[in-house]
Structure formats: structure tokens, C-alpha cells
Amino acid sequence: MKIGIVLALFSIIIFACGAGGPEGPANYNNDEAKKLFKRYCSTCHGIDGKMGLNGAKDLALSTLNYDQRVILISNGKGAMNGFKGMISDEEIAQLAKYSLNFKNPE
Ligand code: HEC
């Protein structure tokens with residue numbers, strides 16, 4: 001398990017420093033990420049991120065940045081299970097980026 005966490009942190013560093021800019025994977029694909037979100041996340045968060053089933057947070061109100069989302073999606077929090085090992089790090093990165101779409105403009 002420890003190695004998994006180290007690898008997760010390592011990939012975050014790689015993603016954070018990647019050519020795709022400060023936030024998100026370089027090969028980000030919004031359509032693919034949307035499909036992944038529908039499949040894995042909408043059961044609690046809803047397609048629009050606002051459903052909030054099982055105490056899930058309204059994603060429009062989340063202030064977490066990209067890196068924090070990668071960690072949260074990997075490891076889970078409260079009633080939200082971690083997705084590490086269930087889906088690939090690549091998919092987690094795509095989903096972290098996608099979930100930023102729901103954020104209210106500041
Ligand atoms: C089993 C229901 C469930 C599923 C499935 C689920 N979540 Fe969550 N999510 C939650 C709950 C509950 C919280 C609040 C956790 C807490 O703060 O205790 C949460 C919190 C979050 C947050 C943090 C919001 C904040 O500001 O604290 C993000 C981002 C998030 N989820 C994204 C996702 C993504 C992306 C997926 C799909 C990979 C997903 N969630 C799948 C239930 C779920």
C-alpha cells in the first residue's frame with residue numbers, strides 16, 4: 001500500500017509539471033472524461049456535479065485545486081470511496097480535471 005501512495009504522489013508531481021500546464025494531464029480529453037464521470041461519479045454527484053447523494057459535496061462549491069482532487073479521488077474521503085486501483089491513474093487525472101468544470105466562476 002505504501003508503494004501505491006508513493007507512486008500516486010509521484011504521478012501527481014509528474015502531472016503537475018507536465019507539458020499540459022499547471023493543472024491537469026497534457027492529453028486531457030473532455031469527452032472521454034465526461035464518460036468516465038458518468039460511469040464512476042454521477043451515481044453520487046449527478047451528471048452536473050450538484051446532486052449530492054449520500055452526502056456528496058456539490059462540486060460547484062468545491063474549492064479544491066487539481067492536485068487536491070487527484071489525491072481525494074485516489075484515496076477517497078468520508079462516504080466517497082477511493083478510486084485508486086479501481087481505475088487507472090490516468091483516468092483519475094482526467095476526472096480530477098473534468099470535475100474542475102463544475103466550479104462556479106469566481
Ligand atoms: C459513493 C458516492 C460517491 C461517488 C461514487 C463519488 N463521490 Fe465524490 N464525494 C462523495 C462524498 C460523500 C464527498 C464528501 C466527502 C467528505 O468531505 O466527507 C465527496 C467529495 C468529492 C470531492 C471534494 C469536494 C470538496 O470540495 O471537498 C470531489 C472533487 C469529488 N467528490 C469528486 C468525485 C469524482 C471525480 C468521482 C468519480 C471518480 C466521485 N467523486 C465519486 C461521494 C461520492
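Observations, loosely collected:
For every residue, the table says whether it meets (1) near the ligand (Cβ under 8 Å from one of its atoms); (2) over 20 Å from Gly24 (Cβ atoms); (3) β-branched (Val, Ile, Thr); (4) not in a loop (DSSP other than H, G, I, E, B).
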{"position": "Thr43", "(1), (2), (3), (4)": "yes, yes, yes, yes"}
{"position": "Lys50", "(1), (2), (3), (4)": "no, yes, no, no"}
{"position": "Leu64", "(1), (2), (3), (4)": "yes, no, no, no"}
{"position": "Asp67", "(1), (2), (3), (4)": "no, no, no, yes"}
{"position": "Val70", "(1), (2), (3), (4)": "no, no, yes, yes"}
{"position": "Ser74", "(1), (2), (3), (4)": "no, no, no, yes"}
{"position": "Ile92", "(1), (2), (3), (4)": "yes, no, yes, yes"}
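- Among the residues making up region 76-86, those that are surrounded by fewer than 17 Cβ atoms within 10 Å (Cβ to Cβ), free of Cβ contacts under 8 Å to residues at least 60 places away in the same chain and part of a loop (DSSP other than H, G, I, E, B) are Gly78, Ala79, Gly82, Met86.
- Exactly one residue among Lys50, Lys77 is modelled with pLDDT of 95 or more and out of contact with any His (no Cβ under 9 Å at 6 or more places or on another chain), and that residue is Lys77.
The values are calculated or read from the model by the stated rules, or taken from the named source; none is laboratory data. All of these numbers come straight from a predicted model, not from anything done at the bench. Counting neighbours? That spans all protein chains shown, and the Cβs are built from the backbone with ideal geometry, glycine included.
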